[in-house]
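Structure first, commentary second.
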Amino acid sequence: MRVYVPLTLPGLAEAHKTGELGSGPLVAYGVTPALREWCVSDDIEELEYAALSRAALASLRLLADDSGAGRRRVVVAVDVADGAVTADPGLDPAALGEVTVTGAVPLAKAAAVHVDAGDAEEDVAAAAAALDAADGGDDDAQFVVDGAEDHELLWYATQEIPNLVDRA
């Protein structure tokens, strides 16, 4: 199963150094039955994009908790065994597509890395600062968070990770 692991640039640097995204359990996002129902689509590319978008929001939450991290969302796409992934069908809609990867996830299993471009940093920083207010129902703050989501994450091959972590 392809899952999308939310990180920050320092988190990616740590994964590069240790050779693994985490020893498990690890929160990631994937195409779950609930996500399929929410998307009302059978197109796997659309469903995977939705899971990637959910992981990008989780990365934004990580940035909100780490003021020292570079203001770029980071998501690692990784293939794991189906049996290593569990999804709770009763999860809150805010956690749509969220899965738990039970074992260690070697960075070598990564298919790609998705990272914001430099021109997104200002909007991502503002969105990270506005998350709490947006979660509280503030429409203006939600507009700011949506501004970060307007930036598409760039695709990088795993061979480019060393260059990405130099920015951490």
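Checking each residue in segment 127-159 for being surrounded by fewer than 16 Cβ atoms within 10 Å (Cβ to Cβ) and touching a helix residue (DSSP H, G or I) at 6+ places or on another chain (Cβ under 6 Å) picks out only A133.
With respect to E152, is the statement that it is part of a helix (DSSP H, G or I) and either closer than 28 Å to G22 by Cβ or in contact with a Phe, Trp or Tyr (Cβ under 8 Å, 6 or more places away or on another chain) (or both) true?
Numbers: part of a helix (DSSP H, G or I): no; either closer than 28 Å to G22 by Cβ or in contact with a Phe, Trp or Tyr (Cβ under 8 Å, 6 or more places away or on another chain) (or both): yes.
In short, no.
For segment 4-51, taking the residues that are crowded, with 17+ Cβ neighbours inside 10 Å, of a type in the set (A, V, I, L, M, F, W, C) and over 21 Å from H151 (Cα atoms), the one that is farthest from the chain's Cα centre (by Cα) is identified as A34.
Looking across segment 57-74, just one residue is surrounded by 23 or more Cβ atoms within 10 Å (Cβ to Cβ) and either out of contact with any helix residue (DSSP H, G or I) (no Cβ under 8 Å at 6 or more places or on another chain) or more than 18 Å from V165 (Cα to Cα) (or both), and that is S59.
Look at A51 and say whether it is over 14 Å from R2 (Cα atoms) and in contact with a Phe, Trp or Tyr (Cβ under 9 Å, 6 or more places away or on another chain). Show your work before the answer.
Details: over 14 Å from R2 (Cα atoms): no; in contact with a Phe, Trp or Tyr (Cβ under 9 Å, 6 or more places away or on another chain): yes.
When the stated conditions are applied, A51 does not pass them.
Throughout, read-outs are computed from the coordinates displayed, never taken from laboratory work. Model, not experiment: these values are computed from the prediction. Methodologically, a virtual Cβ is constructed for each residue, glycine included, from the backbone with ideal geometry; neighbour enumeration extends over all protein chains shown.
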